[in-house]
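The values are calculated or read from the model by the stated rules, or taken from the named source; none is laboratory data. Predicted model only: the values in this text are computed from it and were never measured. Cβ coordinates were reconstructed from backbone atoms using ideal geometry, including for glycine residues, and neighbour counts include every protein chain displayed. In case anyone asks, the SASA skips ligands and DNA or RNA and just uses the protein heavy atoms, side chains included. Shrake-Rupley method; radii C 1.70, N 1.55, O 1.52, S 1.80 Å.
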Amino acid sequence: MHQMTLAEIARGLADKKFSSEELTKVLLARITQLDPQLNSFISLTEDLAIEQAKAADARRANGESGALLGAPIAHKDLFCTQGIRTSCGSKMLDNFKAPYDATVVAKLAAAGAVTLGKTNMDEFAMGSANESSWYGAVKNPWNLEHVPGGSSGGSAAAVAARLLPAATATDTGGSIRQPAAFTNLTGLKPTYGRVSRWGMIAYASSLDQGGPLARTAEDCAILLQGMAGFDPNDSTSIDEPVPDYSASLGDSLQGLRIGVPKEYFSAGLDPRIAELIQNSIQQLQKLGAVIKEISLPNMQHAIPAYYVIAPAEASSNLSRFDGVRFGHRCENPENLIDLYKRSRGEGFGAEVQRRIMVGAYALSAGYYDAYYLKAQKIRRLVKNDFMAAFNEVDIILGPTTPNPAWKLGAKNSDPVAAYLEDVYTITANLAGLPSLSMPAGFVDGLPVGVQLLAPYFQEGRLLNVAHQYQLNTDWHTRTPTGF
């Protein structure tokens, strides 16, 4: 059962080959047995899962149907779940039980999805390795000595290890696509505003976006269908009709114009990954796609712009965690200032503190124009590059990451080296574009991803290309040894 994709589970439940309760119990037992190796879960919700599975089986018995009805999933632990710990991977929120469900959680529950638990993550989604979590690092199932990527590394490791078929995740600078690449999964960051951020604890509000992590594009289409849609509770949610993402998966790629930016193939890219990307390009050409070299001239400025904007927004968003209303509070504070200082000093880890300080500095009087305002101008230039490119091509293709997953601890002493691993992913967040990573091969036994970007609200196009590619390759079917 654990080897089935979300689509196969949907068909099995519809054909009454097994019940949601049976499947849920199998996967809960598998998580209990195998997750101690991975540390991919922060909280297991066994009682809720069994209750939801029984309810889903009852709904099917009454004639209801739906791809997510009775399907087991997990939520990244920054989606608020009523009455269940929502920690953001931080000591600051270790004791926080959300009083309501995030819109994503509520929508998937209404569709009948079964929540198995909450997955581990970099603290407040700040990281590219899932090593900054207060609950400990997550291990990559392809090699337990390597990182699974971040910040959605818990969701990625759990799905890759076949502990469950799919999971929710979030992407602020690559936090869905990079873990997908590192663990041989398909991960999609939708257009900014396509998926509601209400109840999704914020890191950088203008960059954060929720999306699906699964083994196939077909599964991502199913999960995104349940997540997407307008939400009046979220002022950044866009009132745009949600298409049937599964309906366009079979479309032909004949004549599809694929742009390959020359800036992607620089000295920083592992040549073995470059070769795998070229192989992917050749495969898509066989399916009828037309390849064209393009340029994204302002890509070189994206990392410095991102690492001004994101910490600036983080410093603002995380100011609410002060030891007064909720979250961690220090023992026996001497006065209000001592309460603030010690509660935040004890509650936040080193990476979060680093980004708060960088962000506060960038927003401070005398530096706002020099740093934050300048970064926003660069952001506009990055967006303009993409708009010009999409006048010539239908999608853009390149590597998801410049290197395969590194060893645990390898970049802990050099945060900037870890930041540079986001070079290919952050531009989609700066511009608000949809972007997908799909499996493209292996380097030294570690997975590699190829990234696709499309114009706004063209998630269906990305899923179509990835699905057609996966019908003609088998990278996405590979399973890590031992799982």
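Report the residue count in the range 127-169 for those that are of a type in the set (A, V, I, L, M, F, W, C), part of a loop (DSSP other than H, G, I, E, B) and either surrounded by fewer than 24 Cβ atoms within 10 Å (Cβ to Cβ) or touching a Gly at 6+ places or on another chain (Cβ under 8 Å) (or both). Break it down into steps so the answer makes sense when it comes.
Looking only at the range 127-169, we keep the residues that are of a type in the set (A, V, I, L, M, F, W, C), and these are 129, 134, 137-138, 142, 144, 147, 156-161, 163-164, 166-167, 169.
Cutting the leftovers down to part of a loop (DSSP other than H, G, I, E, B) gives us 129, 134, 137-138, 142, 144, 147, 161, 163-164.
Right, trim to either surrounded by fewer than 24 Cβ atoms within 10 Å (Cβ to Cβ) or touching a Gly at 6+ places or on another chain (Cβ under 8 Å) (or both) and you get 129, 134, 137-138, 142, 144, 147.
Number satisfying all stated conditions: 7.
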Check: Pick from the range 86-115 the residues that are assigned to a loop (DSSP other than H, G, I, E, B), under 19 Å from the mean Cα position of the chain (by Cα) and hydrophobic (A, V, I, L, M, F, W, C): which of them is farthest from Val195 (Cα to Cα)?
Finding: Cys88
Note to self: Going residue by residue through the range 126-134, is there one that turns out to be in contact with a strand residue (DSSP E or B) (Cβ under 9 Å, 6 or more places away or on another chain), in contact (Cβ under 8 Å) with a residue 60 or more places away in the chain and among the aliphatic types (A, V, I, L, M)?
What the structure shows: no
Check: Can you name the residue in the range 1-51 that is out of contact with any strand residue (DSSP E or B) (no Cβ under 6 Å at 6 or more places or on another chain), outside any helix (DSSP H, G or I) and aliphatic (A, V, I, L, M) and is also nearest to Thr168 (Cα to Cα) among such residues?
Finding: Met4
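Among the residues of the range 170-188, write down those that are among the hydrophobic types (A, V, I, L, M, F, W, C) and touching a Gly at 6+ places or on another chain (Cβ under 6 Å).
Going through the range 170-188, the residues among the hydrophobic types (A, V, I, L, M, F, W, C) turn out to be 176, 180-182, 185, 188.
The answer is Ile176, Ala180, Ala181, Phe182, Leu188.
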Item checked: Residue selected from the range 375-421 under the condition closer than 23 Å to Ala350 by Cβ and more than 23 Å from the chain's Cα centre (by Cα), by the criterion least open to solvent (accessible area, probe 1.4 Å) -> Asp414
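Answer with yes or no whether Thr427 is hydroxyl-bearing (Ser, Thr, Tyr) and more than 21 Å from the chain's Cα centre (by Cα). Walk me through it before giving the result.
Details: hydroxyl-bearing (Ser, Thr, Tyr): yes; more than 21 Å from the chain's Cα centre (by Cα): no.
So Thr427 fails the test.
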Next item on the list: Please find, within the range 341-363, the residue that is nearest to the chain's Cα centre (by Cα) out of those that are more than 30 Å from Asp422 (Cα to Cα) and crowded, with 17+ Cβ neighbours inside 10 Å.
Entry: Ser343
Next item on the list: Mind listing whichever residues of the range 313-338 are open to solvent by 70 Å² or more (accessible area, probe 1.4 Å) and farther than 19 Å from Gly359 by Cβ?
Entry: Arg325, Phe326, Arg329, Glu331, Asn332, Glu334, Asn335, Leu336, Ile337
Notebook entry, point to check: Which of the residues belonging to the range 173-232 are closer than 14 Å to Thr103 by Cα, part of a helix (DSSP H, G or I) and open to solvent by 10 Å² or more (accessible area, probe 1.4 Å)?
Noted result: Gln225, Gly226
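Hey, among the residues in the range 52-72 that are within 26 Å of the chain's Cα centre (by Cα) and part of a helix (DSSP H, G or I), which one's farthest from Ala110 (Cα to Cα)?
First pass over the range 52-72, keeping only residues within 26 Å of the chain's Cα centre (by Cα): 52-53, 66-72.
Adding the requirement that they be part of a helix (DSSP H, G or I) leaves 52-53.
Working: Gln52: 10, Ala53: 12 Å.
Out of the qualifying residues, it is Ala53.
Sort through Leu446, Leu433, Leu420 and tell me the only one that's of a type outside the set (S, T, N, Q) and over 28 Å from Tyr372 (Cβ atoms).
Working: Leu433 fails: over 28 Å from Tyr372 (Cβ atoms); Leu420 fails: over 28 Å from Tyr372 (Cβ atoms).
After applying the criteria, what remains is Leu446.
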Item checked: Selection count where residues are within 16 Å of Lys377 (Cα to Cα), in contact with a Leu (Cβ under 9 Å, 6 or more places away or on another chain) and among the hydroxyl-bearing types (Ser, Thr, Tyr), scope the range 302-316 -> 1
Next item on the list: Select from the range 245-301 the residues that are open to solvent by 80 Å² or more (accessible area, probe 1.4 Å) and among the small types (Gly, Ala, Ser) and write down the one among them that is farthest from Thr191 (Cα to Cα).
Entry: Ala267
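Name the residue, out of Ala417, Ala454, Ala431, Ala405, that is of a type in the set (A, V, I, L, M) and within 19 Å of Ala157 (Cβ to Cβ).
Working: Ala417 fails: within 19 Å of Ala157 (Cβ to Cβ); Ala454 fails: within 19 Å of Ala157 (Cβ to Cβ); Ala431 fails: within 19 Å of Ala157 (Cβ to Cβ).
Of Ala417, Ala454, Ala431, Ala405, the one residue that is of a type in the set (A, V, I, L, M) and within 19 Å of Ala157 (Cβ to Cβ) is Ala405.
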Notebook entry, point to check: Here is a list of conditions, (1) closer than 30 Å to Pro261 by Cβ; (2) of a type in the set (D, E, K, R); (3) touching a residue at least 60 places away in the same chain (Cβ under 8 Å), and Glu346 meets all of them except one; can you say which number that is?
Noted result: (1)
Next item on the list: Might you check whether a residue that is among the small types (Gly, Ala, Ser) and closer than 23 Å to Asp474 by Cβ occurs anywhere in the range 251-258?
Entry: yes
Note to self: Would you confirm, using the coordinates I've provided, whether Thr119 is more than 18 Å from Ala214 (Cα to Cα), of a type in the set (S, T, N, Q) and either open to solvent by less than 10 Å² (accessible area, probe 1.4 Å) or at pLDDT below 95 (or both)?
What the structure shows: no
Margin query: Quick check on this structure: which one of Gln82, Gln3 is without any contact (Cβ under 8 Å) to a residue 40 or more places away in the chain and farther than 23 Å from Tyr245 by Cβ?
Written below: Gln82
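Just need a number here: residues in the range 1-60 that are hydroxyl-bearing (Ser, Thr, Tyr), touching a Gly at 6+ places or on another chain (Cβ under 7 Å) and open to solvent by 20 Å² or more (accessible area, probe 1.4 Å).
The first filter runs over the range 1-60 and keeps only residues hydroxyl-bearing (Ser, Thr, Tyr), leaving 5, 19-20, 24, 32, 40, 43, 45.
Of the ones still in play, those that are also touching a Gly at 6+ places or on another chain (Cβ under 7 Å) are 20, 40, 43, 45.
From what's left, open to solvent by 20 Å² or more (accessible area, probe 1.4 Å): none.
Residues meeting the conditions: 0.
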Next item on the list: Could you grab me the full set of residues in the range 162-179 that are out of contact with any Leu (no Cβ under 6 Å at 6 or more places or on another chain) and within 16 Å of Pro480 (Cβ to Cβ)?
Entry: Arg162, Leu163, Pro179
